[in-house]
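In what follows, a structure is listed as structure tokens, so that the remarks can point back to it.
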Amino acid sequence: MKLSSSESWEVEPGDLVRWRPVPVGEAEGTSTPISESERFHLAAVAAGQPGWMALTLDFPKSLDPDRLGAVVGEVVGRHDVLRGHYVRTPDSGFARLLHPAAAVEAGVQEACPDRDARDLGARLAREISETCDPFGPLPHFLAAVIRPDSTTLICAFDHCYVDARSLSLLTWEICELMAGRGLPPAESGLDALRRMAEVEASVPPDDPRVAEWGSFLTAAGWRVPEFPLDLGVATGAALPVGTMVRTLLSAEDAARFSATVGGVGARTYPALLSCAGKAIRAVGGPREVATVVPAGTGAGPGCVCWSVGNAPLLIWSDGDLAPAMARNTERLANALPLAGIGLTPVFAAYGDRLRPSRNDVFMMSYVDYTRVPAPAGEVTVRQVSCQKPTDTAQWWFWRDEDGIHVRVRYPDTERAVQVLAETLDEMTALVGSVLRAGGSAGGP
């Protein structure tokens, strides 16, 4: 899996075919409540801000469009979350409706009017933004670009339907079906979301995890975390997004990095966070970097839904790197259970104390795609995120068969480009120092 962004998306032209997913049967309400994350996201969409995620699969041969359409139709229809949509309620809230089945209308293949890869990527991004409206039935964008010797399949969804884990599962399912293999029964994403909601509703105000959130917010000055260096964006403003992508470690070096940090009592993800935190510190940041780390909660490996919780983390960024990595490994282990209670009890306890700062949240995510089923065959898979205005930086680390990489999205100012380039340069040097130290007796 590779991560990219729509503002720099390139798709080689060819013949374009689109399929329209259509509901089968009357929609009914569900007993699955709307989560706080969904509520915030839907409010942003209702205000005109798109929030979609696209999955692209590049196959090294020309594929039959009828076969592709049948496969994507089967994948969409088998997952209950993908058969749902949202409606506004009289109390200015949202509710979820569900169709019992889904089908895909046959697509029409025609030559792409765009003959430039960047132009076609931009047009696809516009069409996805127009299509992926969660307030309409089955608002999914399903298309392929078919060439004489290759095919790009594009499946895009509003974020309310999918997360990174879901896209990885859909990749595997599509490739299995294209290879003629059957799939196990799908797990219910709605059931997973319902279980998560029941957990949130059962959290008492005196739960120690709520208190831990309070301690974090106190240390953060009761502000929702924002990137701790000036990115040249005035409070209240939001600017078009820019993206930096770097490979930090090759596959071989990633294995050495994990083994080396394990020798000092650390794990890969918090070791990367430690390198990032110390890099931020070196460029002028604080001794402790307040951030939010997404964490999977409640969803089994076979279901599609947005099941990511949020864990608060203070990254220790001072002193020597080895003890910082061990310290942050312990901090992350203690923080991850806090994602399990959801945001509802946190806002109930502390919402009136929070001080508005930025619209977006400074988060640092990590996904290890080597731990999930990989598609068979020579298929290149990408996750494309939509372009929307932002006012702070967000980081995504990921590990795949090629190594460990990072994507940073930020408000596109000269100041942000300078600061984040310096930070990533510093981080790359720190990661390299871990590898060099790993060859010595003393460790990092």
Could you tell me which residue out of ALA282, ALA311, MET178 lies farthest along the dipole of the chain toward its positive end? Charges go on the beta carbon: Lys and Arg +1, Asp and Glu -1, centred on the Cα centre. ALA282
Quick one: angle between helix 189-201 and the longest Cα principal axis of the chain, in degrees between 0 and 90, rounded to 10, please. 40 degrees
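Evaluate the charge dipole of the chain about its Cα centre and quote only its size in Debye, nearest 20, assuming +1 on the Cβ of each Lys and Arg and -1 on the Cβ of each Asp and Glu. It would help to have the intermediate numbers written out before the result.
Working: 40 positive and 55 negative charges, 160 e Å.
For the chain, the charge dipole is close to 760 debye.
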Just check region 57-152 against the gyration tensor rule for me: Cα atoms, a ≥ b ≥ c as the square roots of the eigenvalues, rounded for a/c under 1.5, and otherwise prolate or oblate depending on whether a/b exceeds b/c. oblate
Which one of ASN310, ASN328, ASN359 has the biggest mean-square fluctuation once the chain is modelled by GNM with Cα springs under 10 Å? ASN359
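About the Cα centre, and with charges only on the beta carbon of Lys, Arg (+1) and Asp, Glu (-1), how big is the dipole of region 250-349? Nearest 20 debye, please. Walk me through the numbers before you get to the answer.
Details: 7 positive and 6 negative charges, 21 e Å.
Roughly 100 debye, rounded to the nearest 20.
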Karplus (6.51, -1.76, 1.60) ³J(HN,Hα), θ = phi - 60°, over region 9-22, in Hz, Gly and Pro reported as x: 6, 10, 10, 5, x, x, 8, 9, 10, 10, 10, 9, x, 10
State the extension gain, in nm to one decimal, for the chain segment bounded by ASP352 and THR89, taking 0.36 nm per residue of separation less the distance between their alpha-carbons. 92.2 nm
Under the Karplus relation 6.51 cos²θ - 1.76 cosθ + 1.60, θ = phi - 60°, what is the ordered set of whole-Hz ³J(HN,Hα) values for region 400-406, x standing for Gly and Pro? 9, 5, 9, x, 10, 10, 9
Contour minus end-to-end for LEU183 and ALA27, with contour as 0.36 nm per residue of separation and end-to-end as the Cα-Cα distance? 53.6 nm
Against the longest alpha carbon principal axis of the chain, how many degrees, from 0 to 90 and to the nearest 10, is the axis of helix 251-262 turned? 40 degrees
Could you give the accessible area per residue of region 294-401, probe 1.4 Å, as a whole number in Å²? 41 Å²
Give, rounded to the nearest 20 debye, the magnitude of the charge dipole that region 7-153 has about its Cα centre when Lys and Arg contribute +1 at Cβ and Asp and Glu contribute -1 at Cβ. 200 debye
For TYR410, net neighbour charge (Lys/Arg +1, Asp/Glu -1) across residues whose Cβ lies under 11 Å away: 0
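DSSP loop GluC sites (Glu not before Pro) in region 4-40 with at most 16 other Cβ atoms within 10 Å of their Cβ, which ones?
Details: sites: GLU7, GLU10, GLU26, GLU28, GLU36, GLU38; in loops: GLU10, GLU26.
Those satisfying the criteria are GLU10, GLU26.
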Can you compute the modelled spin-label distance between ALA251 and ASP149, with each label point 7 Å from Cα toward Cβ, in nm? 2.4 nm
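Using a Förster distance of 22 angstrom, determine the FRET efficiency expected from the C-beta separation of ASP318 and TRP222, and round it to 0.05.
Working: r = 23 Å, r/R0 = 1.03.
It comes out at approximately 0.45.
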Quick query: amide H of GLY242 versus all other amide H atoms, modeled in the peptide plane; which residues come in under 5 Å with a sequence gap of 5 or more or a different chain? TYR410, ASP412
Residue farthest toward the positive end of the dipole of region 147-262, with Cβ of Lys/Arg at +1 and Asp/Glu at -1: which of SER258, SER202, TYR161? SER258
Among PRO113, LEU63, SER92, which residue has its Cα positioned farthest towards the positive end of the charge dipole of region 3-132, with +1 placed on the Cβ of Lys and Arg, -1 on the Cβ of Asp and Glu, and the dipole taken about the Cα centre? SER92
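Subtract the Cα-Cα distance of ALA429 and ALA376 from 0.36 nm times their separation in residues, and report this length gain in nm to one decimal.
Numbers: separation 53, 0.36 × 53 = 19.08 nm, distance 3.50 nm.
Full extension from ALA429 to ALA376 adds 15.6 nm.
Percent relative contact order of region 204-315, based on C-alpha pairs within less than 8 angstrom and at least six residues apart? Don't skip to the end; give the middle numbers.
On the way: 72 pairs, mean separation 29.5, N = 112.
RCO, region 204-315: 26 percent.
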For region 264-318, what class follows from the C-alpha gyration tensor (a ≥ b ≥ c being the square roots of its eigenvalues): rounded when a/c is under 1.5, otherwise prolate if a/b is larger than b/c, else oblate? prolate
Could you tell me what percent of the DSSP beta bridges with both partners in the chain are antiparallel, to the nearest 5? 85 percent
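Using a 1.4 angstrom probe on heavy atoms only, work out the carbon and sulfur share of the accessible area of the chain in %. Mind dumping the intermediate values first?
Numbers: 9460 of 18420 Å².
Summing carbon and sulfur atoms, their accessible area is 51 percent of the total for the chain.
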Tilt, helix 208-219 to longest principal axis of the chain (alpha-carbon atoms), in degrees rounded to tens, equals 70 degrees
Cut-off 10 angstrom, C-alpha nodes, Gaussian network model of the chain. Which of VAL292, VAL81, VAL233 fluctuates the most? VAL233
In Å², rounded to a whole number, the accessible area per residue of region 128-232 with probe 1.4 Å is 38 Å²
Under a crude label model (7 Å from the Cα following the beta-carbon direction), how far is ARG67 from ALA333 in nanometres? 4.9 nm
Cβ-based net charge around ARG267, under 14 Å, with every Lys or Arg adding one and every Asp or Glu removing one: +2
Please list the non-local residues whose amide H lies under 5 Å from the amide H of ALA295, H modeled 1.01 Å from N, same-chain partners needing a gap of 5 or more. GLY309, ASN310, ALA311
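The values are calculated or read from the model by the stated rules, or taken from the named source; none is laboratory data. Bear in mind that the values here come from a model prediction, so they are computed numbers and not experimental data. Here the Cβ is made from the backbone with ideal geometry for all residues, glycine too, and neighbour counts use every protein chain on show. Please note that ligands, DNA and RNA were not included when accessible areas were found on the heavy atoms of the full protein model with its side chains. Shrake-Rupley method; radii C 1.70, N 1.55, O 1.52, S 1.80 Å.
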